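Enquirer: Have a look at this one before I ask anything.
Just so it is clear, none of the values below were taken in a lab; they were calculated from the coordinates. Because the structure is a prediction, the values reported are computed rather than measured. Please note: Cβ atoms are built from the backbone with ideal geometry, for glycine as well, and neighbour counts cover all protein chains shown.
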Amino acid sequence: MASGIYTEIKKRIELAEPGTVFLTSDFTDIATTTTVRKCLGRQVEKKNIRRVIAGVYEKPVYSKLLKEYIPANPDAVAYAIARSFHWTIAPCGDVALNKLGLSTQVPVVWSYISDGPYRKFSWDNITVSYKHRANREISFMSETTTLVVEALKTLGKERIDDDIIVSLRNRLPEEEKKKMLKEATGVSEWLYTVIRKVCAE
């Protein structure tokens with residue numbers, strides 16, 4: 001392994017923010033996949049990064065309060081896995097509610113809709129689940145629109161009240177609301193009615 005290649009990969013890791021999730025392919029502009037894996041393996045041994053699952057690594061975050069490294073962010077890992085397979089994904093279920101501030105509950109399973117196949121990945125008692133959806137349900141809506149649609153579906157028609165509508169209205173930027181009104185026209189009637197209320201001035 002050429003020392004120059006190892007040094008370049010090491011430097012890229014050093015410059016990254018703690019919590020950054022890497023794929024092996026993020027370094028293949030520097031060297032071959034085999035060489036990159038060896039370099040990353042050395043970085044794991046030196047505890048500069050940690051291996052989450054095969055081909056996915058994280059630069060750990062140290063908590064001064066807890067005096068230990070905190071677990072890898074499941075959401076960041078979920079997006080890295082999707083990136084490695086070239087899937088388009090969006091949070092659903094409790095993850096969508098959590099991201100929009102509609103729930104403080106930490107998801108038991110981190111669920112995402114995906115234009116890829118049904119898959120599950122687990123590490124350190126954390127599970128990320130990908131649920132297949134038709135490409136058109138994901139690709140033609142922005143992440144914010146998809147996030148809101150999935151959160152509203154998770155809540156269900158009967159559980160959506162004025163507090164939730166106001167919370168979403170206050171949280172979303174005006175540009176995102178305008179985009180949502182255009183992008184969400186294909187959803188069910190009750191969902192679009194709620195979205196119109198959220199986007200009302």
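Enquirer: Residues of the range 95-125 with amide nitrogen under 16 Å from the 7 Å Cα-to-Cβ point of H86?
Expert: 115-117
Enquirer: Which of the listed residues, M141, N125, S167, is farthest toward the dipole's positive end in the range 124-167, when Lys, Arg count +1 and Asp, Glu count -1 at the beta-carbon?
Expert: Result: M141.
Enquirer: Explain nothing, just compute: Karplus ³J(HN,Hα) = 6.51 cos²θ - 1.76 cosθ + 1.60, θ = phi - 60°, for every residue of the range 115-123 in order, whole Hz, x for Gly and Pro.
Expert: Along the range 115-123, the couplings run 8, x, x, 5, 8, 10, 10, 10, 7 Hz.
Enquirer: Under the rule of -39500 (n - 2.57) per DSSP H run of 4 or more residues, summed and divided by the residues of the chain, what mean residue ellipticity at 222 nm is obtained, to the nearest 500 deg cm²/dmol?
Expert: Calculated mean residue ellipticity at 222 nm is -14000 deg cm²/dmol.
Enquirer: Dipole magnitude of the chain about its Cα centre, charges +1 at Lys/Arg Cβ and -1 at Asp/Glu Cβ only, in debye to the nearest 20?
Expert: Magnitude of the dipole: close to 640 debye.
Enquirer: Further question: Springs between alpha-carbon pairs under 10 angstrom, Gaussian network model over the chain: which of L66, L40, L168 fluctuates most?
Expert: Answer for the Gaussian network model of the chain: L66.
Enquirer: Using a Förster distance of 30 angstrom, determine the FRET efficiency expected from the C-beta separation of W123 and E201, and round it to 0.05. Walk me through the numbers before you get to the answer.
Expert: Numbers: r = 45 Å, r/R0 = 1.49.
That pair, W123 with E201, gives E of 0.10.
Enquirer: With a ≥ b ≥ c the root eigenvalues of the C-alpha gyration tensor of the range 41-144, is it rounded (a/c under 1.5), prolate (a/b larger than b/c) or oblate?
Expert: Cα axes put the range 41-144 in the oblate bin.
Enquirer: Let me ask something additional. For the chain, set up a GNM with springs between Cα atoms under 10 Å and report which of P117, P74, P107 has the largest fluctuation.
Expert: Result for the chain, Cα springs under 10 Å: P117 fluctuates most.
Enquirer: Using all alpha carbons of the range 3-68, what is the percent of pairwise distances in each 10 Å bin, ordered from the shortest bin to the longest?
Expert: Binned Cα distances yield the sequence 22, 57, 17, 5.
Enquirer: Right, here's the next one. For the charge dipole of the range 42-91, defined by +1 on Lys and Arg C-beta atoms and -1 on Asp and Glu C-beta atoms about the Cα centroid, which residue among S63, A76, A90 has the Cα displaced farthest towards the positive pole?
Expert: Of S63, A76, A90, it is S63.
Enquirer: Looking only at trypsin sites (Lys or Arg not before Pro) in DSSP loops with at most 10 other Cβ atoms within 10 Å, what is the longest site-free stretch of the chain?
Expert: 68-201
Enquirer: Could you line up T127, T145 from fewest to most neighbouring Cβ atoms inside 10 Å?
Expert: T127, T145
Enquirer: Helix 189-199 versus the longest principal axis of the chain: what angle, 0 to 90°, nearest 10, using Cα atoms?
Expert: Tilt relative to the chain: about 80 degrees.
Enquirer: Divide, for the chain, the radius of gyration over alpha carbons by 2.2 N^0.38 Å, where N is the residue count. Let's see the in-between values first.
Expert: Details: Rg = 19.8 Å, N = 201, 2.2 N^0.38 = 16.5 Å.
Working it through for the chain, the quotient is 1.20.
Enquirer: Which of rounded, prolate, oblate describes the range 153-201, given a ≥ b ≥ c as roots of the alpha-carbon gyration tensor eigenvalues and a/c under 1.5 marking rounded, otherwise prolate only if a/b is larger than b/c? Let's see the in-between values first.
Expert: Working: a/c = 2.14, a/b = 1.13, b/c = 1.89.
The shape class here is oblate.
Enquirer: Another one. Taking Cα pairs under 8 Å and at least six residues apart, what relative contact order does the range 3-68 come out at, in percent? Before the final figure, lay out the partial values.
Expert: Details: 62 pairs, mean separation 23.4, N = 66.
Over the range 3-68, the number comes to 36 percent.
Enquirer: Continuing with this model, one more query. Got a sec? How would H132, H86 order by Cβ neighbour count within 10 Å, fewest to most?
Expert: The order, fewest Cβ neighbours first, is H86, H132.
Enquirer: Restricting to the chain, compute how many DSSP beta bridges are antiparallel as a %, nearest 5.
Expert: Percentage antiparallel, nearest 5: 75.
Enquirer: Test of understanding: express the Cα radius of gyration of the range 102-201 as a ratio to 2.2 N^0.38 Å, with N the residue count.
Expert: Working: Rg = 14.6 Å, N = 100, 2.2 N^0.38 = 12.7 Å.
Output field value: 1.16.
Enquirer: Which of A78, A96, A16 ends up with the largest GNM mean-square fluctuation for the chain, with Cα atoms connected below 10 Å?
Expert: A16
Enquirer: Right, here's the next one. As a footprinting exposure proxy, order V187, V108, V36 by other Cβ within 10 Å, with the fewest listed first.
Expert: V108, V187, V36
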